[in-house]
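The values are calculated or read from the model by the stated rules, or taken from the named source; none is laboratory data. Just so we're clear, the structure is a prediction, and the values are computed from it rather than from any experiment. FYI the Cβ positions are ideal-geometry reconstructions off the backbone, even for glycines, and counts take in every protein chain you see.
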Amino acid sequence: MHLERRLLKEVAVLASKRLKFLLPAAGAVPLSLVLTGCSGGVLDPQGPIGAADAKILLDALGAMLLVVVPTILAALLFAWRFRASNPRARYQPEFVYSGRIELVVWAIPILIIVFLGGVIWIGSHDLDPYKPIRAQDKALEVQVVSLDWKWLFIYPDEGIASVNELFVPAGVPVHLSLTSAAVMNAFFVPQLGSMIATMHGMVTQLHLQADHAGEFYGESTQFSGDGFSDMHFILHAVPVDSFAKWVAKVEEGERWLDRDGYLALLRESQNVNPFTYHSVEPGLFEDIVAGRLPPGQGPGSEGSGPPVRPRGAK
């Protein structure tokens, strides 16, 4: 018992002497990770969901550092303390067990696991993608269809649609209903939050919000064939009045999205520039989900020739 107490005391003294030199460097590690993060990524959140996701990541990182950093320091301290040239280090071959050391070794990781479990439990409920965002404004409804290899965004209340470009009002919640016309994809706007799958014959839900006006990169994170690298879009968060002006401008366009236009859009195409439809056939999204419209041929299918231009396109 005396040896155990003396050993723990010596380790604590050595640690205190060296921590005053190592703490500034250790404290710079998480700070450097944040500062060197790529602009526009998950560590640069621009909405409530993205901010909550980033907080969970940083909380988990901090909790794990509480285990990793002391473990590394302990390994270095023990190597220094019991080096061959240190005459004060005592060789104790009879030492095989210490209840106090076992308590420290097991209690700290268990507490960390309990903490992380609580963070995950709370976060998984608060950040449920199906859970609406509390706000005074009514959520904007957007129906999303992943195609090969492009994104179709339908605004059912406005009766318009866009391809590879999503406009939303800043500070207003957005309710996305997502499906896939072909293979499985994954919808993700890193700065705004949660990633969610799009699957053929199914509808998934996602609630997002951009706190401020700006342009945010969106992409598919599920590999889906040759044109996967081009399957990205820009989410434009604009002031409410600017969004109304954009809707009015789209309504003055010439393209009309009906069943024939959708079948033309369904053909495989790569690196598609954004364009809009001034009107959408009612119930088109529901027909896609219910299978009343044929699915996409899928990557590498025979007969998937060059894309057919949408009806009314110049």
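Some observations on this one:
- Where a residue in region 51-68 is among the acidic types (Asp, Glu) and its partner, wherever it lies, is modelled with pLDDT under 85, with Cβ under 6 Å and at least six apart: Asp59/Val119
- Among the candidates Gly118, Gly47, residue that is out of contact with any strand residue (DSSP E or B) (no Cβ under 9 Å at 6 or more places or on another chain) and of a type outside the set (Ser, Thr, Tyr): Gly118
- Residue in region 68-86 that is under 30 Å from Pro156 (Cα atoms), assigned to a helix (DSSP H, G or I) and assigned by TED's automatic domain parsing to the domain that holds Val42 present: no
- Residue ranges of strands (runs of 3 or more DSSP E) in region 172-257 with at least 3 members among the hydrophobic types (A, V, I, L, M, F, W, C): 174-180, 185-188, 232-238
- Subset of region 241-256 that is surrounded by 13 or more Cβ atoms within 10 Å (Cβ to Cβ) and closer than 15 Å to Asp157 by Cα - its residue that is nearest to the chain's Cα centre (by Cα): Phe243
- Selection count, region 147-171, where residues are over 19 Å from the mean Cα position of the chain (by Cα), part of a strand (DSSP E or B) and within 23 Å of Gly291 (Cα to Cα): 10
- Some residue of region 209-221 being over 18 Å from Lys150 (Cα atoms), among the polar types (S, T, N, Q) and surrounded by 18 or more Cβ atoms within 10 Å (Cβ to Cβ): yes
- Scanning region 244-261 for residues that are out of contact with any Gly (no Cβ under 7 Å at 6 or more places or on another chain) and in contact (Cβ under 8 Å) with a residue 40 or more places away in the chain yields a total of 8.
- Every pair of residues 6+ apart whose Cβ atoms lie under 9 Å, when the first sits in region 109-135 and is outside the structural domain of Met195 (by TED's automatic domain parsing) and assigned to a loop (DSSP other than H, G, I, E, B) while the second is modelled with pLDDT under 85 and exposed (fewer than 12 other Cβ atoms within 10 Å of the Cβ): Lys131/His125
- Failed criterion for Val238 (all others in (1) surrounded by fewer than 19 Cβ atoms within 10 Å (Cβ to Cβ); (2) among the hydrophobic types (A, V, I, L, M, F, W, C); (3) at pLDDT below 95 hold): (3)
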